[in-house]
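Presented below is the structure to which this report refers.
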Amino acid sequence: DEEFDELCFEFGLELDEITSEKDIISKEKGEEKAKGASDVVLYKIDVPANRYDLLCLEGLVRGLQVFKERISLPRFEKIIPAEGEGQRLIITEQTAQIRPHAVAAVLRNITFTKDRYDSFIDLQEKLHQNICRRRALVAIGTHDLDAITGPFTFTAKTPSEIKFKPLNQSQEYTASQIMDLYRTDSHLRHYLHLIENKPCYPVIYDSNGVVLSMPPIINGDHTKISLNTRNVFIECTGTDITKAKIVLDIIVTMFSEYCEKPFTVEAVEVVYPNGKTHIYPELAYRTEKVKPEYINKKVGISETPSSLAKLLTRMCLKSHVTGNGNHIEIEIPPTRADIIHACDIVEDAAIAYGYNNIQMVIPKTYTIANQLPLNKLTELLRLDLAAAGFTEALTFALCSQEDIADKLGTDISATNAVRIANPKTAEFQVARTTLLPGLLKTIAANRKMPLPLKLFEISDIVVKDPNTDVGARNYRHLGAIYYNKSPGFEIIHGLLDRVMQVLEVPPNEENGYTIKAAEGAAFFPGRCAEVFAKGQSIGKLGVVHPDVITKFELTMPCSVLEINIEPFM
């Protein structure tokens, strides 16, 4: 695992976590739901958004093998069939209003296994979410070529004219019925709006009138691919021709390695409404020339031209030195649509060289930085709180709604908390409005430690504020907790006095601080005080209410202090 983590880092990726299906489900939905889920180890890898060629196992493994110099980058080849034997896709003028572009290709004599098939479907899904912008720019359809006969027609018809059996359904529906059918589908309902209110829907037919697909919603059931499919017809329709070409190139370059003749793709002729034709996929190779000194200067290294060419070749950019070492000629393969400018080539050279191997130098510009006053005050207070015998805790800024409301005896609407729109886990639903739950949870996790437990934290809390440009505001709070067999109110009170002493705030009403009896839902009645300083209320201290203690699964009494330190800057 460590070696693989290291390899990913060198290649410019990040091994996010090592987990399993069971772990993921139990984190998101609790351990009950996770019973029976798979224990197989999963690597979660973060891929940069521009590297579409690393979005599936095939491309990732190929990229890493080339990087490790175990294989050289394969050469992708398109095979143009003899006149009249190849497949054709005819685009009619009706599509111009709604989805004008289409490209297509064929993978011949491909061999699928369960894993390859899953990867093939998964890559389409990832591309749909990413470069296809949730199918708005491009939609991909893959079909069993042996179940249909060309030439194919890409046209647009009114919803009532389109009728077919959608993927994995048992009967035929008209296009309008399909829209109603998928309105409740958790996966497909997000794409309906793309064509829903248009007068015509795009549709692809074969020469016998069989519906291949109604992009960008659903494929027909008749052409669905399975593990036994030998010839795959791939079509990408969209509103952006450049993106459609890239998507087609990525799919065919990733999966042509499973064809009988590896890395070959059969071309398809696309006929436009004006009669012009074009052969897809383009699988275009192009060359760029870059000066070695340009790379060295930008990265801050001094490598020889041949060594730079070798570095670039390891990043799937086949390079060699030309013209007495004055230039490096780089061949950009069809898999690397992200190489747009020379600086993209420089970045790859830097990754292959290793960011950690670049020598650090003092910048030419001279600027003097200064610590933010609030952070300076925080740092100084942390030292003094530690010297007072308290241990620092660092807790999450996000927590569950119960933590800041129900468990503390208040209503969620009264907390003025900022909510997360669609939280992944129950633990992270809102931004905290107080440091208290974090400290109580830390104590609950350390119940086995010897008493007394004395913890503190100085961090930000977040509350809604309609007057700021982002609608919320942060306040730097100091929170401290004392947990023992007796509540120890005097210890927390003593800590407050010590904090004021180091802040040089005297204990008086005019220009110092005072405490006054108060009530708080989280505190024991008659054991709560409000702290006033600089003419304003800055927080509370007191003994925690027994109900709150039980809700956080604790058994001993405790007292807490929480104040806002911003007025003391």
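The values are calculated or read from the model by the stated rules, or taken from the named source; none is laboratory data. This one's a predicted model, so the numbers in the text were calculated from it and none came from an experiment. Cβ: placed from backbone, ideal geometry, glycine included. Neighbour counts: every protein chain shown. The accessibility values were calculated without ligands, DNA or RNA, using every heavy atom of the protein model including side chains. Shrake-Rupley method; radii C 1.70, N 1.55, O 1.52, S 1.80 Å.
Structural remarks
- Order by protection proxy (mean Cβ within 10 Å, highest first), peptides 18-29, 198-209: 198-209, 18-29
- Stretching Ser160 away from Ile241 to a fully extended chain increases their span by 26.3 nm, per 0.36 nm per residue minus the current alpha-carbon distance.
- Relative to one another, the C-alpha centroids of the stretch 390-420 and the stretch 196-255 are positioned 48 Å apart.
- Note on exposure: Asp53, Asp16 ranked by accessible area (1.4 Å probe, complete protein assembly) read Asp16, Asp53, with the most exposed listed first.
- Accessible carbon and sulfur surface of the chain relative to its total accessible area, %, 1.4 Å: 51
- Mean separation of Cα contacts under 8 Å, 6 or more apart, over the residue count of the stretch 373-568: relative contact order %: 20
- Inverting the pair-averaged 1/r between distinct Cα atoms of the stretch 373-568 gives 17.1 Å as its Kirkwood hydrodynamic radius.
- Vicinal HN-Hα couplings computed from phi for the stretch 448-457 (Karplus, 6.51 cos²θ - 1.76 cosθ + 1.60; Hz; Gly/Pro x): 7, 6, x, 7, x, 9, 10, 10, 9, 8
- Gain on full stretching of the segment that runs from Glu509 to Gln94 - 0.36 nm per residue minus C-alpha separation: 141.3 nm
- Val418, Val430, Val61, reordered so the largest accessible area comes first (probe 1.4 Å): Val61, Val418, Val430
- Inter-site label distance for Glu196 and Asn274 at 7 Å from Cα along Cβ, in nm: 3.5
- Among Arg108, Arg432, Arg189, the order of accessible area from largest down is Arg189, Arg108, Arg432, computed with a 1.4 Å probe on protein heavy atoms.
- Helix content alone sets the calculated 222 nm mean residue ellipticity of the chain: runs of n ≥ 4 DSSP H residues at -39500 (n - 2.57) each, divided across all residues, give -8000 deg cm²/dmol.
- Helix screen, the chain: no DSSP H segment has Cα axial length of 27 Å or more and mean Kyte-Doolittle hydropathy at least -0.5.
- Value of relative contact order over the stretch 286-357, rounded to a whole percent, pairs C-alpha under 8 Å and six or more apart: 37
- Spatially close lysines, pair count over the stretch 240-323: Cα under 29 Å, gap of eight or more or interchain: 21
- One decimal place: the segment Lys126-Asn208 gains 26.3 nm when fully extended, by the rule 0.36 nm per residue minus the C-alpha distance.
- Dimensionless Rg/Rh of the stretch 114-165 - Kirkwood Rh, Rg from C-alpha atoms: 1.05
- Solvent-accessible area of Arg135 with every protein chain in place, 1.4 Å probe, in Å² to the nearest 10: 20
- Residues whose amide H comes within less than 5 Å of that of Phe524, counting only those at least five positions distant or on another chain, are Val543, Val544, His545 (H built at 1.01 Å from N in the peptide plane).
- When Rg and the Kirkwood radius Rh are both evaluated on Cα atoms of the stretch 318-385, their ratio Rg/Rh stands at 1.30.
- Here the relative contact order of the chain, from alpha carbon pairs under 8 Å that lie six or more residues apart, stands at 12 percent.
- Per residue accessible area in Å² of the chain, where ligands, DNA and RNA are left out and the probe is 1.4 Å: 52
- For the stretch 75-89, the Karplus equation 6.51 cos²θ - 1.76 cosθ + 1.60, evaluated at θ = phi - 60°, returns couplings of 9, 8, 9, 9, 9, 9, x, 4, 3, x, 9, x, 8, 10, 10 Hz by residue, with Gly and Pro reported as x.
- Distance between modelled label sites at Val40 and Leu374, nm, 7 Å Cα→Cβ extension: 4.8
- Remark: spin-label model distance Glu260-Lys485 equals 8.5 nm, labels positioned 7 Å along the Cα→Cβ axis.
- Sequence-ordered 3J(HN,Hα) estimates for the stretch 555-569 from the Karplus curve with 6.51, -1.76 and 1.60 and θ = phi - 60° stand at 10, 9, x, 8, 10, 9, 9, 9, 10, 8, 9, 5, x, 9, 5 Hz, glycine and proline given as x.
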